[in-house]
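The values are calculated or read from the model by the stated rules, or taken from the named source; none is laboratory data. Because the structure is predicted, anything quoted here is derived from the model rather than measured. Methodologically, a virtual Cβ is constructed for each residue, glycine included, from the backbone with ideal geometry; neighbour enumeration extends over all protein chains shown. For accessibility, only protein heavy atoms count, side chains too; no ligands or nucleic acids. Shrake-Rupley method; radii C 1.70, N 1.55, O 1.52, S 1.80 Å.
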Amino acid sequence: MSTDPSQALLLECRRSTQTDTLFPYNAAVVTTLVRQIHTIHAHLVQSLRSAAPPSDEVMPTPTPPPAIMFTSTHHHLQIRRLKRVLLVYHAHRLHMLRAMLHRAHLSVTHLLPTIRPLLSPSELTFIRSYAQITMNYRAEFIDVLDIAASVDEPPKGMWVNVRVVKEVGEVITEGGVVDFRKGGRYLVRRGDVEMLLVQGYLEVVD
Amino acid sequence: MADWNAASGPSWSNGQSHLPSPSPEPTEDTFPDDLDNERTDPISQLVKAWTIERCSPDIMAFEGELVGKIMGYLDAQAKLIGVLKVDGASEEDHEKIGLVQMEMDRVGWLLRSYIATRQEKLMRYTSYINSTPAIQTRLSVAEQTLIESYQQIFEESLIRDVVGNLPEELQALDEVLPDGRSMVSQPDLDKAVFIRAKQDCGPVLMPDGSSLEIKKRGIHLISYRVVEQLVLRGEVELA
(Lines give C-alpha, C1' and ligand atoms only; values in the text may rest on other atoms or scores of the structure.)
Protein backbone atom coordinates (compact mmCIF):
# COMPACT_ATOMS: atom_id res chain seq x y z
CA MET A 1 0.00 0.00 0.00
CA SER A 2 1.47 3.26 -1.09
CA THR A 3 1.61 6.14 1.36
CA ASP A 4 1.37 8.68 -1.43
CA PRO A 5 -1.97 10.43 -0.90
CA SER A 6 -2.41 11.12 -4.60
CA GLN A 7 -2.21 7.39 -5.21
CA ALA A 8 -5.08 6.95 -2.77
CA LEU A 9 -7.29 9.20 -4.89
CA LEU A 10 -6.46 7.31 -8.06
CA LEU A 11 -7.15 4.04 -6.33
CA GLU A 12 -10.50 5.39 -5.23
CA CYS A 13 -11.41 6.30 -8.82
CA ARG A 14 -10.46 2.85 -9.95
CA ARG A 15 -12.45 1.09 -7.27
CA SER A 16 -15.38 3.32 -7.90
CA THR A 17 -15.34 2.44 -11.61
CA GLN A 18 -14.99 -1.25 -10.95
CA THR A 19 -17.80 -1.41 -8.44
CA ASP A 20 -19.91 1.30 -10.06
CA THR A 21 -20.34 3.06 -6.72
CA LEU A 22 -19.84 6.65 -5.73
CA PHE A 23 -17.55 6.99 -2.72
CA PRO A 24 -17.78 9.85 -0.20
CA TYR A 25 -15.96 12.98 -1.31
CA ASN A 26 -12.42 12.71 0.03
CA ALA A 27 -11.99 16.29 1.19
CA ALA A 28 -9.05 15.48 3.48
CA VAL A 29 -6.83 14.09 0.73
CA VAL A 30 -7.87 16.79 -1.71
CA THR A 31 -6.85 19.47 0.79
CA THR A 32 -3.54 17.69 1.45
CA LEU A 33 -2.75 17.60 -2.24
CA VAL A 34 -3.66 21.24 -2.76
CA ARG A 35 -1.33 22.12 0.15
CA GLN A 36 1.43 19.99 -1.35
CA ILE A 37 1.10 21.84 -4.62
CA HIS A 38 1.38 25.16 -2.80
CA THR A 39 4.49 24.04 -0.92
CA ILE A 40 6.23 22.72 -4.01
CA HIS A 41 5.23 25.80 -5.94
CA ALA A 42 6.77 28.02 -3.26
CA HIS A 43 10.02 26.02 -3.47
CA LEU A 44 9.99 26.33 -7.21
CA VAL A 45 9.52 30.08 -7.18
CA GLN A 46 12.20 30.44 -4.58
CA SER A 47 14.79 28.35 -6.39
CA LEU A 48 14.14 30.21 -9.63
CA ARG A 49 14.48 33.54 -7.87
CA SER A 50 17.74 32.57 -6.26
CA ALA A 51 19.05 31.54 -9.67
CA ALA A 52 18.03 34.72 -11.44
CA PRO A 53 20.73 37.35 -11.54
CA PRO A 54 20.03 40.71 -9.91
CA SER A 55 18.06 42.75 -12.37
CA ASP A 56 20.69 45.48 -12.96
CA GLU A 57 23.33 42.96 -14.04
CA VAL A 58 23.67 41.70 -17.58
CA MET A 59 22.85 37.97 -17.80
CA PRO A 60 26.06 36.03 -18.19
CA THR A 61 24.45 32.79 -19.39
CA PRO A 62 21.06 32.30 -20.99
CA THR A 63 20.34 29.10 -19.03
CA PRO A 64 20.53 28.70 -15.26
CA PRO A 65 23.07 26.27 -13.78
CA PRO A 66 22.23 22.53 -14.12
CA ALA A 67 21.43 22.09 -10.42
CA ILE A 68 18.73 24.74 -10.58
CA MET A 69 17.45 23.36 -13.87
CA PHE A 70 17.15 19.92 -12.38
CA THR A 71 15.39 21.04 -9.20
CA SER A 72 12.92 23.25 -10.97
CA THR A 73 12.08 20.62 -13.60
CA HIS A 74 11.53 18.13 -10.84
CA HIS A 75 9.24 20.49 -8.95
CA HIS A 76 7.42 21.36 -12.09
CA LEU A 77 6.70 17.73 -12.96
CA GLN A 78 5.53 17.02 -9.44
CA ILE A 79 3.08 19.91 -9.55
CA ARG A 80 1.81 18.85 -12.93
CA ARG A 81 1.18 15.32 -11.75
CA LEU A 82 -0.64 16.39 -8.60
CA LYS A 83 -2.84 18.79 -10.51
CA ARG A 84 -3.65 16.10 -13.00
CA VAL A 85 -4.55 13.63 -10.27
CA LEU A 86 -6.87 16.17 -8.66
CA LEU A 87 -8.59 16.93 -11.95
CA VAL A 88 -8.92 13.25 -12.81
CA TYR A 89 -10.52 12.56 -9.45
CA HIS A 90 -13.02 15.37 -9.73
CA ALA A 91 -13.86 14.82 -13.38
CA HIS A 92 -14.40 11.14 -12.65
CA ARG A 93 -16.88 12.00 -9.91
CA LEU A 94 -18.78 14.46 -12.07
CA HIS A 95 -19.06 11.91 -14.90
CA MET A 96 -20.28 9.36 -12.43
CA LEU A 97 -22.89 11.73 -11.02
CA ARG A 98 -24.08 12.44 -14.53
CA ALA A 99 -24.50 8.74 -15.26
CA MET A 100 -26.38 8.26 -11.99
CA LEU A 101 -28.77 11.05 -12.79
CA HIS A 102 -29.53 9.52 -16.17
CA ARG A 103 -30.18 6.19 -14.52
CA ALA A 104 -32.61 7.94 -12.17
CA HIS A 105 -34.42 9.25 -15.27
CA LEU A 106 -33.18 12.79 -14.68
CA SER A 107 -35.13 13.04 -11.45
CA VAL A 108 -32.79 14.90 -9.13
CA THR A 109 -35.25 14.81 -6.25
CA HIS A 110 -35.29 11.06 -6.47
CA LEU A 111 -31.51 10.74 -6.65
CA LEU A 112 -30.35 13.27 -4.10
CA PRO A 113 -31.53 11.83 -0.79
CA THR A 114 -29.39 8.72 -1.27
CA ILE A 115 -26.18 10.39 -2.42
CA ARG A 116 -26.23 13.79 -0.77
CA PRO A 117 -23.84 12.88 2.08
CA LEU A 118 -21.28 11.74 -0.51
CA LEU A 119 -21.02 15.04 -2.34
CA SER A 120 -18.92 18.15 -1.98
CA PRO A 121 -20.92 21.41 -2.01
CA SER A 122 -19.84 22.23 -5.54
CA GLU A 123 -20.81 18.76 -6.73
CA LEU A 124 -24.25 19.35 -5.29
CA THR A 125 -24.53 22.57 -7.27
CA PHE A 126 -23.24 20.77 -10.35
CA ILE A 127 -25.78 17.99 -10.27
CA ARG A 128 -28.65 20.43 -9.69
CA SER A 129 -27.61 22.63 -12.61
CA TYR A 130 -27.00 19.58 -14.75
CA ALA A 131 -30.51 18.33 -14.07
CA GLN A 132 -31.76 21.77 -15.05
CA ILE A 133 -29.93 21.96 -18.39
CA THR A 134 -30.86 18.42 -19.40
CA MET A 135 -34.46 19.23 -18.52
CA ASN A 136 -34.29 22.14 -20.95
CA TYR A 137 -32.87 19.83 -23.58
CA ARG A 138 -35.51 17.22 -22.84
CA ALA A 139 -38.19 19.85 -23.41
CA GLU A 140 -37.20 19.84 -27.10
CA PHE A 141 -38.66 16.35 -27.47
CA ILE A 142 -41.11 16.00 -24.61
CA ASP A 143 -44.30 16.43 -26.66
CA VAL A 144 -43.60 13.22 -28.51
CA LEU A 145 -40.78 11.42 -26.79
CA ASP A 146 -39.42 11.37 -23.26
CA ILE A 147 -35.65 11.09 -23.60
CA ALA A 148 -35.35 10.54 -19.86
CA ALA A 149 -36.64 7.00 -20.22
CA SER A 150 -34.11 4.18 -20.04
CA VAL A 151 -32.12 3.15 -23.11
CA ASP A 152 -30.31 0.22 -21.53
CA GLU A 153 -32.40 -2.45 -23.16
CA PRO A 154 -34.49 -2.25 -26.30
CA PRO A 155 -38.15 -3.04 -25.61
CA LYS A 156 -38.82 -6.73 -26.12
CA GLY A 157 -42.57 -6.51 -25.91
CA MET A 158 -45.38 -4.28 -24.80
CA TRP A 159 -46.20 -6.02 -21.58
CA VAL A 160 -44.17 -6.53 -18.51
CA ASN A 161 -44.77 -8.65 -15.41
CA VAL A 162 -44.25 -6.62 -12.27
CA ARG A 163 -44.35 -7.27 -8.56
CA VAL A 164 -45.31 -4.51 -6.14
CA VAL A 165 -42.52 -3.89 -3.64
CA LYS A 166 -43.91 -0.80 -1.96
CA GLU A 167 -47.59 -0.02 -1.67
CA VAL A 168 -48.66 2.27 -4.52
CA GLY A 169 -52.45 2.36 -4.57
CA GLU A 170 -54.56 3.18 -7.58
CA VAL A 171 -52.83 4.30 -10.75
CA ILE A 172 -54.58 5.46 -13.87
CA THR A 173 -53.05 3.79 -16.90
CA GLU A 174 -53.97 3.83 -20.56
CA GLY A 175 -55.85 0.57 -20.13
CA GLY A 176 -57.82 1.71 -17.08
CA VAL A 177 -57.26 1.99 -13.34
CA VAL A 178 -54.88 -0.48 -11.71
CA ASP A 179 -54.78 -0.92 -7.95
CA PHE A 180 -51.19 -1.82 -7.06
CA ARG A 181 -51.27 -3.69 -3.73
CA LYS A 182 -48.08 -4.67 -1.98
CA GLY A 183 -46.94 -8.18 -2.91
CA GLY A 184 -49.32 -8.41 -5.86
CA ARG A 185 -48.26 -9.27 -9.38
CA TYR A 186 -49.60 -7.50 -12.42
CA LEU A 187 -49.22 -7.64 -16.16
CA VAL A 188 -49.07 -4.05 -17.35
CA ARG A 189 -47.83 -1.93 -20.22
CA ARG A 190 -44.21 -1.02 -19.72
CA GLY A 191 -44.73 2.61 -20.67
CA ASP A 192 -47.38 3.00 -17.97
CA VAL A 193 -45.17 1.90 -15.10
CA GLU A 194 -41.72 3.10 -16.22
CA MET A 195 -41.56 5.76 -13.53
CA LEU A 196 -42.77 3.43 -10.76
CA LEU A 197 -40.08 0.94 -11.74
CA VAL A 198 -37.37 3.57 -11.46
CA GLN A 199 -38.61 4.81 -8.14
CA GLY A 200 -38.50 1.29 -6.82
CA TYR A 201 -42.21 0.81 -6.15
CA LEU A 202 -42.39 -2.07 -8.61
CA GLU A 203 -39.90 -4.60 -9.85
CA VAL A 204 -39.88 -6.62 -13.03
CA VAL A 205 -40.44 -10.35 -12.68
CA ASP A 206 -39.31 -12.50 -15.58
CA MET B 1 -49.93 2.86 -40.92
CA ALA B 2 -49.49 -0.30 -42.95
CA ASP B 3 -46.57 1.10 -44.97
CA TRP B 4 -44.60 1.87 -41.87
CA ASN B 5 -45.08 -1.54 -40.39
CA ALA B 6 -44.09 -3.24 -43.58
CA ALA B 7 -41.07 -1.07 -44.09
CA SER B 8 -39.46 -1.35 -40.70
CA GLY B 9 -39.29 -5.13 -40.70
CA PRO B 10 -36.80 -7.03 -38.59
CA SER B 11 -33.79 -5.02 -39.75
CA TRP B 12 -33.01 -3.70 -36.28
CA SER B 13 -34.57 -6.34 -34.11
CA ASN B 14 -31.06 -7.64 -33.43
CA GLY B 15 -29.87 -4.16 -32.66
CA GLN B 16 -27.39 -5.19 -30.00
CA SER B 17 -25.14 -7.46 -31.99
CA HIS B 18 -23.79 -5.09 -34.55
CA LEU B 19 -20.50 -6.81 -35.24
CA PRO B 20 -20.33 -8.39 -38.65
CA SER B 21 -19.59 -12.05 -38.95
CA PRO B 22 -15.93 -12.60 -39.80
CA SER B 23 -15.66 -13.15 -43.53
CA PRO B 24 -12.47 -11.54 -44.77
CA GLU B 25 -12.82 -12.34 -48.47
CA PRO B 26 -16.49 -12.17 -49.35
CA THR B 27 -17.28 -13.30 -52.86
CA GLU B 28 -20.03 -11.89 -55.00
CA ASP B 29 -23.54 -13.05 -54.17
CA THR B 30 -22.56 -15.51 -51.47
CA PHE B 31 -24.98 -13.92 -49.06
CA PRO B 32 -27.99 -11.83 -49.78
CA ASP B 33 -27.59 -8.19 -48.84
CA ASP B 34 -29.31 -4.93 -49.40
CA LEU B 35 -26.39 -3.04 -50.90
CA ASP B 36 -28.02 -2.58 -54.27
CA ASN B 37 -31.54 -1.80 -53.23
CA GLU B 38 -31.04 0.27 -50.13
CA ARG B 39 -34.00 1.08 -47.97
CA THR B 40 -34.73 4.76 -47.90
CA ASP B 41 -37.65 4.93 -45.48
CA PRO B 42 -37.04 7.08 -42.38
CA ILE B 43 -36.84 4.18 -39.92
CA SER B 44 -34.15 2.36 -41.90
CA GLN B 45 -32.29 5.64 -42.17
CA LEU B 46 -32.57 6.13 -38.44
CA VAL B 47 -31.16 2.65 -37.90
CA LYS B 48 -28.27 3.62 -40.14
CA ALA B 49 -27.66 6.96 -38.44
CA TRP B 50 -27.81 5.25 -35.05
CA THR B 51 -25.34 2.54 -36.10
CA ILE B 52 -22.88 5.07 -37.48
CA GLU B 53 -23.17 7.28 -34.41
CA ARG B 54 -22.54 4.34 -32.11
CA CYS B 55 -19.63 2.94 -34.09
CA SER B 56 -17.80 6.11 -34.98
CA PRO B 57 -15.37 7.57 -32.45
CA ASP B 58 -16.08 11.06 -33.82
CA ILE B 59 -19.23 13.17 -33.47
CA MET B 60 -21.28 12.84 -36.64
CA ALA B 61 -23.58 15.45 -38.12
CA PHE B 62 -26.97 15.63 -36.41
CA GLU B 63 -29.70 14.17 -38.62
CA GLY B 64 -32.13 16.99 -37.91
CA GLU B 65 -34.47 16.40 -40.81
CA LEU B 66 -34.65 12.68 -40.15
CA VAL B 67 -35.29 13.15 -36.44
CA GLY B 68 -38.03 15.61 -37.34
CA LYS B 69 -39.65 13.07 -39.65
CA ILE B 70 -39.54 10.33 -37.03
CA MET B 71 -40.95 12.62 -34.38
CA GLY B 72 -43.74 13.56 -36.78
CA TYR B 73 -44.43 9.89 -37.38
CA LEU B 74 -44.57 9.04 -33.68
CA ASP B 75 -46.81 11.99 -33.01
CA ALA B 76 -49.20 11.10 -35.84
CA GLN B 77 -49.38 7.46 -34.78
CA ALA B 78 -50.11 8.42 -31.18
CA LYS B 79 -52.94 10.72 -32.25
CA LEU B 80 -54.37 8.08 -34.56
CA ILE B 81 -54.39 5.52 -31.78
CA GLY B 82 -56.08 8.01 -29.50
CA VAL B 83 -58.86 8.49 -32.03
CA LEU B 84 -59.25 4.76 -32.69
CA LYS B 85 -59.51 3.96 -29.00
CA VAL B 86 -62.21 6.51 -28.39
CA ASP B 87 -64.23 5.18 -31.28
CA GLY B 88 -64.64 1.84 -29.58
CA ALA B 89 -62.52 -0.43 -31.72
CA SER B 90 -63.26 -4.10 -32.32
CA GLU B 91 -61.24 -6.97 -30.86
CA GLU B 92 -59.17 -7.23 -34.02
CA ASP B 93 -58.49 -3.49 -34.06
CA HIS B 94 -57.26 -3.67 -30.48
CA GLU B 95 -54.72 -6.24 -31.51
CA LYS B 96 -53.57 -4.05 -34.37
CA ILE B 97 -53.32 -1.06 -32.07
CA GLY B 98 -51.16 -3.14 -29.77
CA LEU B 99 -48.81 -3.94 -32.60
CA VAL B 100 -48.58 -0.32 -33.64
CA GLN B 101 -47.87 0.72 -30.07
CA MET B 102 -45.10 -1.81 -29.85
CA GLU B 103 -43.65 -0.49 -33.07
CA MET B 104 -43.78 3.01 -31.62
CA ASP B 105 -42.05 1.85 -28.44
CA ARG B 106 -39.26 0.41 -30.53
CA VAL B 107 -38.82 3.39 -32.81
CA GLY B 108 -38.93 5.61 -29.74
CA TRP B 109 -36.24 3.56 -28.08
CA LEU B 110 -34.07 3.79 -31.17
CA LEU B 111 -34.43 7.55 -31.30
CA ARG B 112 -33.72 7.89 -27.58
CA SER B 113 -30.66 5.72 -27.93
CA TYR B 114 -29.46 7.84 -30.86
CA ILE B 115 -29.90 11.01 -28.84
CA ALA B 116 -28.30 9.51 -25.74
CA THR B 117 -25.29 8.25 -27.70
CA ARG B 118 -24.70 11.74 -29.05
CA GLN B 119 -25.24 13.31 -25.66
CA GLU B 120 -22.63 11.05 -24.11
CA LYS B 121 -20.05 12.04 -26.73
CA LEU B 122 -20.94 15.71 -26.42
CA MET B 123 -20.43 15.67 -22.67
CA ARG B 124 -17.14 13.85 -22.95
CA TYR B 125 -15.65 16.25 -25.50
CA THR B 126 -17.43 19.44 -24.46
CA SER B 127 -14.42 21.64 -24.19
CA TYR B 128 -12.98 20.41 -27.48
CA ILE B 129 -16.25 20.95 -29.33
CA ASN B 130 -16.78 24.41 -27.92
CA SER B 131 -13.38 25.48 -29.17
CA THR B 132 -13.71 23.85 -32.62
CA PRO B 133 -16.23 25.64 -34.88
CA ALA B 134 -15.97 22.89 -37.53
CA ILE B 135 -17.44 20.36 -35.11
CA GLN B 136 -20.07 22.76 -33.82
CA THR B 137 -21.76 22.83 -37.21
CA ARG B 138 -22.53 19.13 -36.74
CA LEU B 139 -24.67 19.87 -33.71
CA SER B 140 -28.29 20.87 -33.49
CA VAL B 141 -29.07 24.22 -31.91
CA ALA B 142 -30.43 22.52 -28.80
CA GLU B 143 -27.27 20.45 -28.51
CA GLN B 144 -25.11 23.53 -28.78
CA THR B 145 -27.02 25.25 -26.00
CA LEU B 146 -26.75 22.09 -23.94
CA ILE B 147 -23.00 21.78 -24.12
CA GLU B 148 -22.36 25.47 -23.70
CA SER B 149 -24.13 25.37 -20.36
CA TYR B 150 -22.54 22.05 -19.57
CA GLN B 151 -19.03 23.34 -20.05
CA GLN B 152 -19.87 26.23 -17.78
CA ILE B 153 -21.14 24.14 -14.87
CA PHE B 154 -18.44 21.49 -15.31
CA GLU B 155 -15.64 24.02 -15.18
CA GLU B 156 -17.29 25.92 -12.36
CA SER B 157 -17.23 22.79 -10.28
CA LEU B 158 -13.58 22.07 -11.09
CA ILE B 159 -12.63 25.67 -10.35
CA ARG B 160 -14.36 25.62 -6.99
CA ASP B 161 -12.92 22.30 -5.89
CA VAL B 162 -9.50 22.27 -7.53
CA VAL B 163 -7.89 24.93 -9.65
CA GLY B 164 -9.43 27.85 -7.78
CA ASN B 165 -7.36 26.81 -4.78
CA LEU B 166 -4.09 26.54 -6.69
CA PRO B 167 -1.49 29.27 -7.29
CA GLU B 168 -2.59 31.63 -10.00
CA GLU B 169 -0.31 30.41 -12.79
CA LEU B 170 -1.56 26.83 -12.35
CA GLN B 171 -5.24 27.54 -12.85
CA ALA B 172 -5.57 26.81 -16.56
CA LEU B 173 -7.91 24.02 -17.65
CA ASP B 174 -6.89 23.92 -21.30
CA GLU B 175 -3.11 23.67 -21.23
CA VAL B 176 -1.24 21.86 -23.98
CA LEU B 177 1.92 20.25 -22.66
CA PRO B 178 5.22 20.63 -24.55
CA ASP B 179 4.98 17.00 -25.66
CA GLY B 180 1.70 17.73 -27.42
CA ARG B 181 -0.66 16.16 -24.90
CA SER B 182 -3.57 18.38 -24.08
CA MET B 183 -5.76 18.72 -21.01
CA VAL B 184 -8.75 18.84 -23.34
CA SER B 185 -9.97 15.37 -24.32
CA GLN B 186 -10.54 14.82 -28.00
CA PRO B 187 -12.19 12.00 -29.90
CA ASP B 188 -9.64 9.29 -30.72
CA LEU B 189 -9.85 9.18 -34.49
CA ASP B 190 -7.27 6.39 -34.67
CA LYS B 191 -9.65 4.00 -33.00
CA ALA B 192 -10.27 0.81 -34.96
CA VAL B 193 -13.69 0.39 -36.53
CA PHE B 194 -15.37 -2.30 -38.57
CA ILE B 195 -16.38 -1.16 -42.01
CA ARG B 196 -18.27 -2.72 -44.87
CA ALA B 197 -17.80 -1.25 -48.31
CA LYS B 198 -20.99 -0.43 -50.18
CA GLN B 199 -19.09 0.06 -53.42
CA ASP B 200 -15.58 -0.22 -54.80
CA CYS B 201 -13.64 2.54 -53.13
CA GLY B 202 -10.23 2.26 -54.72
CA PRO B 203 -7.03 2.14 -52.72
CA VAL B 204 -6.74 4.00 -49.42
CA LEU B 205 -3.42 5.09 -47.97
CA MET B 206 -2.55 3.35 -44.72
CA PRO B 207 -0.57 5.12 -41.98
CA ASP B 208 2.53 3.01 -42.75
CA GLY B 209 2.55 4.19 -46.36
CA SER B 210 1.15 1.06 -47.97
CA SER B 211 -2.18 1.13 -49.72
CA LEU B 212 -5.22 -1.06 -49.32
CA GLU B 213 -7.78 -1.80 -51.96
CA ILE B 214 -11.32 -1.63 -50.57
CA LYS B 215 -13.68 -3.66 -52.72
CA LYS B 216 -17.43 -3.74 -52.68
CA ARG B 217 -18.75 -5.93 -49.83
CA GLY B 218 -15.29 -6.03 -48.27
CA ILE B 219 -15.25 -6.07 -44.47
CA HIS B 220 -12.26 -4.53 -42.75
CA LEU B 221 -11.10 -3.67 -39.27
CA ILE B 222 -9.31 -0.40 -39.80
CA SER B 223 -8.33 2.87 -38.18
CA TYR B 224 -11.19 5.37 -38.38
CA ARG B 225 -8.93 8.17 -39.57
CA VAL B 226 -8.02 6.23 -42.72
CA VAL B 227 -11.61 5.79 -43.86
CA GLU B 228 -13.14 8.94 -42.38
CA GLN B 229 -13.80 10.54 -45.77
CA LEU B 230 -15.30 7.33 -47.16
CA VAL B 231 -17.65 7.14 -44.20
CA LEU B 232 -18.70 10.77 -44.57
CA ARG B 233 -19.38 10.23 -48.27
CA GLY B 234 -21.37 7.10 -47.46
CA GLU B 235 -19.19 4.79 -49.56
CA VAL B 236 -18.54 2.48 -46.66
CA GLU B 237 -20.75 1.81 -43.68
CA LEU B 238 -19.67 1.29 -40.10
CA ALA B 239 -20.82 -1.90 -38.51
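A few points about this structure:
- Tally of residues being more than 11 Å from every other protein chain (Cβ to nearest Cβ) and either of a type in the set (D, E) or open to solvent by 50 Å² or more (accessible area, probe 1.4 Å) (or both) across segment B:183-200: 8
- Selection of segment A:15-24 for residues being within 13 Å of the chain's Cα centre (by Cα) and more than 15 Å from A:T114 (Cβ to Cβ) yields A:S16, A:T17.
- Applying a threshold of 6 Å to beta carbon distances and a minimum spacing of six or more residues, or different chains, the list of pairs starting in segment B:112-123 at a residue that is at pLDDT below 95 and ending at one that is of a type in the set (K, R) reads B:T117/B:R54.
- Filter result for the condition that a residue is within 14 Å of chain A (Cβ to nearest Cβ) and either of a type in the set (G, A, S) or open to solvent by less than 60 Å² (accessible area, probe 1.4 Å) (or both), over B:L158, B:L212: B:L158
- Selection of segment A:153-190 for residues being open to solvent by 50 Å² or more (accessible area, probe 1.4 Å) and under 19 Å from A:H110 (Cα atoms) yields A:V165, A:K166, A:E167.
- Contact map, segment A:96-123: residues that are in the same structural domain as A:Y25 (by TED's automatic domain parsing) and touching a residue at least 12 places away in the same chain (Cβ under 8 Å) paired with residues that are aromatic (F, W, Y) and open to solvent by less than 40 Å² (accessible area, probe 1.4 Å), Cβ distance under 8 Å, separation 6+ or inter-chain. Pairs shown: A:L97/A:F126; A:L97/A:Y130; A:R98/A:Y130; A:L101/A:Y130.
- The single condition among (1) touching a residue at least 60 places away in the same chain (Cβ under 8 Å); (2) open to solvent by 60 Å² or more (accessible area, probe 1.4 Å) that A:V198 does not meet is (2).
- Of all residues in segment A:145-191, exactly one satisfies the criterion of being touching a Ser or Thr at 6+ places or on another chain (Cβ under 8 Å) and away from chain B (no Cβ under 11 Å), namely A:V188.
- Summed over segment B:108-145, the residues that are in contact with a Pro (Cβ under 9 Å, 6 or more places away or on another chain) and facing chain A (nearest Cβ under 9 Å) give a count of 5.
- Filtering segment B:93-119 to residues that are over 13 Å from B:W50 (Cβ atoms) and open to solvent by 30 Å² or more (accessible area, probe 1.4 Å) leaves B:D93, B:H94, B:E95, B:K96, B:L99, B:M102, B:M104, B:D105.
- Scanning segment B:124-159 for residues that are free of Cβ contacts under 8 Å to residues at least 12 places away in the same chain and assigned to a helix (DSSP H, G or I) yields B:P133, B:A134, B:Q136, B:V141, B:A142, B:Q144, B:T145, B:S149, B:Q152, B:I153, B:E156, B:S157.
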